[in-house]
Amino acid sequence: MRTLLNIIWLIVWGLWMAIGYALLGLLMFVFIITIPWGIASFRIANYVLWPFGRTTVERPDAGAASFVGNIIWLVLAGIWLAIGHIVAGIGFCLTIIGIPFGIANFKMVPISLVPLGREIVPA
C-alpha cells in the first residue's frame, strides 16, 4: 500500500515539490554561507519524493549551530513552507481519497519549519 501511495503522491504532488525544494537548494549553494540550508533543502526534496514509510527524527548530535540555523531558516523560509504544507494538507483532506496525502503534507510541516538537526529514517 505504501508503494502505491508513494507512486500516486509522486505523480500528483511530490515531483513538483521536490523540484521546488531542489531549486531552493541550488539557490542556497550560490552563496557560500547558506550551503547548510541548501543541503537541508536537498534532504527535504528527497523526503517529499517518497514520504510514505519514512519519518523524521531529531539527531542527538545537533547542537547550538543547528538551533541558530533553524531560527534563521524559520524567519526566512520555514514559516512560508510550513503554511504551504498546511494549506495543501487541508486541500487534500477535503476529499476522502486525498486524506492520506493531506496527512503526508502535515507530516512535512516539522521538517519544513526546522530542517537542521533532523534526519529521515524508515518508519
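Annotations
- Within this structure, residue 75 passes the test of being out of contact with any helix residue (DSSP H, G or I) (no Cβ under 7 Å at 6 or more places or on another chain), over 18 Å from residue 18 (Cα atoms) and not hydroxyl-bearing (Ser, Thr, Tyr).
- Hey, residue 14 under 17 Å from residue 70 (Cα atoms) and in contact with a helix residue (DSSP H, G or I) (Cβ under 6 Å, 6 or more places away or on another chain) or not: no
- Scope region 12-48; condition surrounded by 18 or more Cβ atoms within 10 Å (Cβ to Cβ) and within 17 Å of residue 100 (Cβ to Cβ); matching residues: 13, 14, 17, 47, 48
- Residue within region 27-48 that is small (Gly, Ala, Ser), assigned to a helix (DSSP H, G or I) and more than 16 Å from the chain's Cα centre (by Cα) present: no
- Test: residue 78 is of a type outside the set (A, V, I, L, M, F, W, C) and at pLDDT 95 or above: no
- Any hit, region 75-87, residues being part of a helix (DSSP H, G or I), loosely packed, with under 13 Cβ neighbours inside 10 Å and either aromatic (Phe, Trp, Tyr) or touching a His at 6+ places or on another chain (Cβ under 7 Å) (or both): yes
The values are calculated or read from the model by the stated rules, or taken from the named source; none is laboratory data. Computed from a prediction, not measured in an experiment: that's the story for all the values here. Cβ atoms come from the backbone with ideal geometry, glycine included; neighbour counts cover every protein chain shown.
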